[in-house]
């Protein structure tokens, strides 16, 4: 069953074409990593999936809801981790998560807020203002925000940026935990080795289009996939 369905998706910014006639289905429980050079359209695609940007044409359906017609329903079903943490600097960690929990309609949100704060290792700073946090700590709290409402779909745009090794391990664990929930995860990454390690499907984008789509089980080694990437894209990720 496809939890994410993309049909003939196009996106232009003025004269610049970011995405060209993309069609894709991502199954329930699938962990897809998208690779590609800067400017390939990876982030634009995730922004459309997360309702932050509207497409020029085409159709995107997330868990049965059209992102154009039912954006609120889509947002209730997705969690987003990106370069923008979507946190409020003048609120504490707890206050930020309480705000989002209420927005998402999380039941027993006080217990859930403290649970996810512990999960990302920020219990000792939960009552401090986000403005006092390091980049890595903000990213940890952003992870907590993204999983707070137990989303069916997790969208991650270079999620390891700014994380130390311990925080990266925490994120790896959270991503893997979603296996048991049959949640769909779509990751944008430049790290071929890590993508092959965690994913069950791999996709390469170039110039706003998909140029390679393969199951992880069909790739024997990082070196093999690196060769495919270099041949298609003309350089390292």
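The values are calculated or read from the model by the stated rules, or taken from the named source; none is laboratory data. Everything quoted here is computed from the prediction, not taken from an experiment. Cβ sites come from the backbone with ideal geometry, for glycine too, and all protein chains shown count toward neighbours.
Points worth noting:
- The listed residue being surrounded by 15 or more Cβ atoms within 10 Å (Cβ to Cβ) and without any contact (Cβ under 8 Å) to a residue 40 or more places away in the chain, out of 216, 145, 135, 201: 216
- Filtered residue count, the range 53-85, keeping only those that are part of a loop (DSSP other than H, G, I, E, B), touching a residue at least 24 places away in the same chain (Cβ under 8 Å) and more than 15 Å from residue 152 (Cβ to Cβ): 6
- Scanning the range 148-170 for residues that are crowded, with 21+ Cβ neighbours inside 10 Å and not in a loop (DSSP other than H, G, I, E, B) yields 153, 154, 155, 156, 157.
- Any hit, the range 111-122, residues being touching a strand residue (DSSP E or B) at 6+ places or on another chain (Cβ under 6 Å) and either crowded, with 19+ Cβ neighbours inside 10 Å or modelled with pLDDT of 90 or more (or both): no
- For the range 191-217, a residue qualifies if it is closer than 16 Å to residue 38 by Cβ and in a strand (DSSP E or B), and the qualifying residues are 204, 205, 206, 209, 211.
- Which listed residue, of 145, 129, 201, is at pLDDT 95 or above and under 13 Å from the mean Cα position of the chain (by Cα): 145
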